[in-house]
Amino acid sequence: MGEARGIGVSNELDCIMNSYKKILLNGFEGECMEAISVDKLKAFLKWPDCARDWKLLRRVSSHGTYTYQVKADLGLGESEYFIKVFRKQERFEVAWKKMKSIRGLKKPWRYPLQMLGYLFDPIPVKVGFEKGKALLEQGIPTALPVAYLYQKGLISAWGFIITEKIPNIIAENLAEYLKQRKNELGSGEYIREKRALILELAKLFGKLMTLDFFLPDLRVSNILVERLPEGKFKLWVIDVVEAIPHKPREDKMLYHLIANPYYAQLFTGTDKIRFLKWYLGFSGRAESWSIICCRVNPLLQAWWKKWHKKYGQQNPKPH
Ligand SMILES: Nc1ncnc2c1ncn2[C@@H]1O[C@H](COP(=O)(O)OP(=O)(O)O)[C@@H](O)[C@H]1O
Ligand SMILES: [Mg+2]
């Protein structure tokens, strides 16, 4: 374990991709790598007690998700994994609270409708697992899917997905990486490094646009950076549980990536235009970059307006 397996169409990868098995455990169903011991998995997953010893990295209440980092021997020797747990009930609790708040009262249909949707939403771990495998098959780096298990149910169901830890990652995500490097490097060096990353990002987006599924949640916060020798980078896509089975929506994808207001200050207008030009160059449409800029720009403007009105922020300045 531990070797970067996200890219390259080696025999080893083929072998890994083909060797998964179905599992059924106390009312949960799912899949895991052939080499995983189902008994060890079962012992490891004594929910909720097991989570007491796990390191909680992130909790997103509105999604009912908890991301943990753990070390465990699941049949492959002691290895590091990430486990994302989904508790359906928590989504209802959050929507219920919002429904009773002033904002909820202003839109009385919004949260009941959301809750109705949640009732029939399956826990998305199977999607995350399958799309993780699909990305690897396409040579797009992502965390190796190790196992998923979920319960079917209207409200109380829960489930989780385990992925192998991506090696050599030094920041929580691409945006955090840039922030970190901005403090560490002189401005010239930082700009050069950022440009190299934007180039990789443009290549990655070119590849993602060729898929037959769409990752609506793909933001800089779901891209991890691995530093390679000679100033090169490898970008990893994570958190693919929200994948939707239709062709990627280019505008939405670009817009999500470059318009995230939390990270706006990391990307200047020039960065965005450069990204678009490179991205279109990789997808053989270099000549249409100005048209795309015109299409994406109004979306960005509208977003800024909404955001700044809501939070009273100043227009972000370039770095
Ligand atoms: N397999 C993995 N290898 C390395 N880091 C990971 C892995 N999975 C998750 N992480 C880290 O955990 C963070 C949260 O995981 P993520 O699946 O994006 O959950 P969330 O929905 O809360 O954003 C990521 O930003 C990343 O830093
Ligand atoms: Mg994420």
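The values are calculated or read from the model by the stated rules, or taken from the named source; none is laboratory data. Everything quoted here is computed from the prediction, not taken from an experiment. We place every Cβ from the backbone using ideal geometry, glycine too, and count neighbours over all the protein chains shown.
For the residues 225, 240, the requirement of being within 16 Å of ligand 2 (Cβ to nearest atom), assigned to a loop (DSSP other than H, G, I, E, B), surrounded by 15 or more Cβ atoms within 10 Å (Cβ to Cβ) and not assigned by TED's automatic domain parsing to the domain that holds residue 84 singles out 240. The set of residues in segment 36-65 that are loosely packed, with under 14 Cβ neighbours inside 10 Å and either in contact with a Lys or Arg (Cβ under 8 Å, 6 or more places away or on another chain) or small (Gly, Ala, Ser) (or both) comprises 43, 61, 62. Selection of segment 30-79 for residues being β-branched (Val, Ile, Thr) and within 16 Å of ligand 1 (Cβ to nearest atom) yields 36, 60, 65, 67, 70. When you check residue 191 against the structure, is it away from ligand 2 (no atom under 15 Å from the Cβ), assigned to a loop (DSSP other than H, G, I, E, B) and within 29 Å of residue 267 (Cα to Cα), yes or no? No. The set of residues from segment 210-222 being more than 16 Å from ligand 2 (Cβ to nearest atom) and either assigned to a loop (DSSP other than H, G, I, E, B) or free of Cβ contacts under 8 Å to residues at least 12 places away in the same chain (or both) comprises 210, 211, 212, 213. Whether any residue in segment 125-132 is surrounded by fewer than 19 Cβ atoms within 10 Å (Cβ to Cβ), within 16 Å of ligand 1 (Cβ to nearest atom) and either within 27 Å of residue 213 (Cβ to Cβ) or without any contact (Cβ under 8 Å) to a residue 40 or more places away in the chain (or both) is what I want to check. So far as segment 125-132 goes, yes, one or more of its residues are surrounded by fewer than 19 Cβ atoms within 10 Å (Cβ to Cβ), within 16 Å of ligand 1 (Cβ to nearest atom) and either within 27 Å of residue 213 (Cβ to Cβ) or without any contact (Cβ under 8 Å) to a residue 40 or more places away in the chain (or both). Restricting attention to segment 163-178, the residues being out of contact with any helix residue (DSSP H, G or I) (no Cβ under 6 Å at 6 or more places or on another chain) and either among the aromatic types (Phe, Trp, Tyr) or within 16 Å of ligand 2 (Cβ to nearest atom) (or both) number 7. Looking only at residues of segment 174-200 that are within 16 Å of ligand 1 (Cβ to nearest atom) and in contact (Cβ under 8 Å) with a residue 60 or more places away in the chain, we find that the one that is surrounded by the most Cβ atoms within 10 Å (Cβ to Cβ) is 174.
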